[in-house]
1. Would you check if Tyr7 is part of a helix (DSSP H, G or I) and under 30 Å from Glu178 (Cβ atoms)?
2. Can Leu335 be described as assigned to a helix (DSSP H, G or I), open to solvent by 60 Å² or more (accessible area, probe 1.4 Å), of a type in the set (A, V, I, L, M) and closer than 30 Å to Leu398 by Cβ?
3. Within segment 132-147, does at least one residue satisfy the condition of being at pLDDT 95 or above, assigned to a helix (DSSP H, G or I) and within 15 Å of Glu117 (Cβ to Cβ)?
4. Within segment 290-309, track down each residue that is over 30 Å from Glu112 (Cα atoms) and either open to solvent by less than 70 Å² (accessible area, probe 1.4 Å) or touching a strand residue (DSSP E or B) at 6+ places or on another chain (Cβ under 6 Å) (or both).
5. Within the group Ala31, Ala71, which residue is closer than 22 Å to Ala105 by Cβ and of a type in the set (A, V, I, L, M)?
6. In segment 392-415, which residues are open to solvent by less than 60 Å² (accessible area, probe 1.4 Å) and either touching a Ser or Thr at 6+ places or on another chain (Cβ under 6 Å) or over 17 Å from Glu446 (Cα atoms) (or both)?
7. Restricting to segment 4-19, name every residue that is loosely packed, with under 13 Cβ neighbours inside 10 Å and more than 20 Å from His257 (Cβ to Cβ).
Amino acid sequence: MFKNALYYQEEKESYKAKVLSCLPLEGKEKATWEKRVGKSFPALFLLRLSEEPFYPEGGGQAPDKGTIDGAELLFAENVEDEYIVHLLPTALPVGKEVLCKVDYAYRRRQSENHSGEHIFAGLINRRFGYSNVGFHMELLGENPHVTVDFDGELSEEALSELETAVNAVIRQNLPVEEKYLEDDFGKENLKCLPDAEDGEKSEELETSVEQLSVEEPGEVLEQGQKTMEFRQKKALSGAIRVISIPAVDSCACCGTHVKRTGEIGLFKVLFFEKHRGGTRVFLLSGELAFLDTQKKEKVLLEVSRKLSTDYQNLSERMGKLKEQTEEERGRRIALSLQAVEMLGNSYRKELLIQQEKAVLTGKSLRGEGLEYYGNKNLAVFHFPDFEMILLNKACESLKAYVQTDFFCFSRRGEKEWQFAGTGCSGFLERFKKWKDTGHFSGGGREEMLQGRFLGTEEELKAWVDRAE
């Protein structure tokens with residue numbers, strides 16, 4: 001954490017700095033950095049600059065994006081709170097003055113979401129006493145989101161109320177205050193509430209940290225006169241940066257933030273799930289929350305339009321459609337099983353006709369309609385567009401008509417079929433041998449196998465002809 005870093009002091013999109021060093025990366029070190037950024041490069045270099053315009057990775061927040069002398073900044077990392085290194089694909093001369101351009105739109109989104117998370121976690125801590133035991137922001141890609149883990153269970157109702165409370169704090173446009181508590185302030189004046197970052201559990205506080213009360217969070221602290229309570233993300237040493245929102249939250253944090261809560265604009269809880277005995281909450285703040293809401297609203301209105309109803313009645317309409325779908329599915333299953341019975345009867349009749357020849361040919365499989373094909377040792381039935389549950393039901397029904405091993409197939413693509421099968425004693429061992437041909441995958445019991453066959457119609461027919 002760098003108290004005088006430009007990313008804390010100024011809101012600008014471009015800065016000038018001098019290159020202090022430029023180290024080429026090779027071998028394992030280069031490979032390690034390429035793995036971190038998820039891409040390979042002909043060359044990589046680590047730069048140190050005379051100024052700190054780019055926020056480095058830390059506190060659950062990704063590093064800034066931007067360019068240095070026109071070269072893309074791939075990563076920025078804090079090295080033991082002593083200096084920041086900048087990963088570039090291009091070497092720059094030591095001593096050269098370079099123009100550093102910050103992707104301020106990306107920085108802004110990070111700040112909005114980080115500040116929104118502070119309000120949310122602070123309100124949960126005050127109301128439920130839960131600690132934030134994991135925090136990560138993923139703001140790129142098609143589904144940007146922030147995840148926050150809490151060490152207690154939260155209900156849907158509670159999260160809805162908290163979402164409303166966070167947006168109320170945003171509308172109050174409260175100041176987001178930054179304070180630095182130096183070593184000489186005295187740890188006896190601090191009360192730390194355990195918290196964590198980026199999915200890691202909180203470390204235990206040092207025994208020298210006293211558990212004292214809090215007075216008026218947000219006021220300027222004077223040594224020996226006030227104490228301050230704040231959530232902390234790891235064991236603390238050196239200068240401590242505390243982000244405070246009056247009457248809402250105080251938290252030790254190295255990340256970037258908005259200046260007032262009103263700048264966040266909007267806060268949304270996306271969804272939540274149980275996680276390690278607590279709750280993981282997915283959320284968004286600021287511009288990304290608006291864009292997510294806008295996208296979902298468009299989908300909602302489009303669905304409403306297609307169903308010829310307004311969105312207030314959409315839930316009721318969907319409930320009726322679900323009921324209709326279940327009824328139609330029941331009718332489809334009944335009709336499908338009737339078709340199975342018909343095919344079973346056809347198979348048995350032809351078997352009686354062909355019994356003197358001991359050969360049953362059926363129809364050449366085309367995957368277009370109800371068909372069967374096979375011989376006295378193996379039969380294959382085809383049911384177009386049957387899902388697996390129907391194929392299983394078809395097998396159960398056909399047991400009354402077929403006295404040999406058989407499969408029920410349904411075509412899923414040009415060279416893919418799914419199947420369910422059943423047979424006589426030894427059927428499972430036969431199937432294991434067929435799998436060795438490379439066409440089959442799947443398994444189960446002799447009473448019921450299921451899986452996939454990869455191959456064309458000709459390959460399926462050829463397998464039936466030579467099956468042993």
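1. yes
2. Against the criterion (assigned to a helix (DSSP H, G or I), open to solvent by 60 Å² or more (accessible area, probe 1.4 Å), of a type in the set (A, V, I, L, M) and closer than 30 Å to Leu398 by Cβ), Leu335 qualifies.
3. Checked against the condition, which is being at pLDDT 95 or above, assigned to a helix (DSSP H, G or I) and within 15 Å of Glu117 (Cβ to Cβ), segment 132-147 yields no hits at all.
4. At the first step, the residues of segment 290-309 found to be over 30 Å from Glu112 (Cα atoms) are 303-309.
Within segment 290-309, Val303, Ser304, Leu307, Thr309 qualify.
5. Step by step, each of Ala31, Ala71 is checked, and only Ala71 is closer than 22 Å to Ala105 by Cβ and of a type in the set (A, V, I, L, M).
6. Selection gives Cys395, Tyr401, Ser410, Arg411, Gly413.
7. Ser14, Lys16, listed by residue number.
Conditions tested, residue by residue: (1) more than 28 Å from Phe2 (Cβ to Cβ); (2) of a type in the set (S, T, N, Q); (3) in contact with a strand residue (DSSP E or B) (Cβ under 8 Å, 6 or more places away or on another chain); (4) modelled with pLDDT under 95.
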site: Leu193; (1), (2), (3), (4): no, no, yes, yes
site: Leu221; (1), (2), (3), (4): no, no, yes, yes
site: Gly224; (1), (2), (3), (4): no, no, no, yes
site: Glu229; (1), (2), (3), (4): no, no, yes, yes
site: Ala252; (1), (2), (3), (4): no, no, yes, yes
site: Lys268; (1), (2), (3), (4): yes, no, yes, no
site: Gly277; (1), (2), (3), (4): yes, no, no, yes
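The values are calculated or read from the model by the stated rules, or taken from the named source; none is laboratory data. Given the structure is predicted, the values throughout are model-derived calculations rather than measurements. Please note: Cβ atoms are built from the backbone with ideal geometry, for glycine as well, and neighbour counts cover all protein chains shown. Each accessible area value is taken on the protein alone, full model and side chains, heavy atoms only, with ligands, DNA and RNA left out. Shrake-Rupley method; radii C 1.70, N 1.55, O 1.52, S 1.80 Å.
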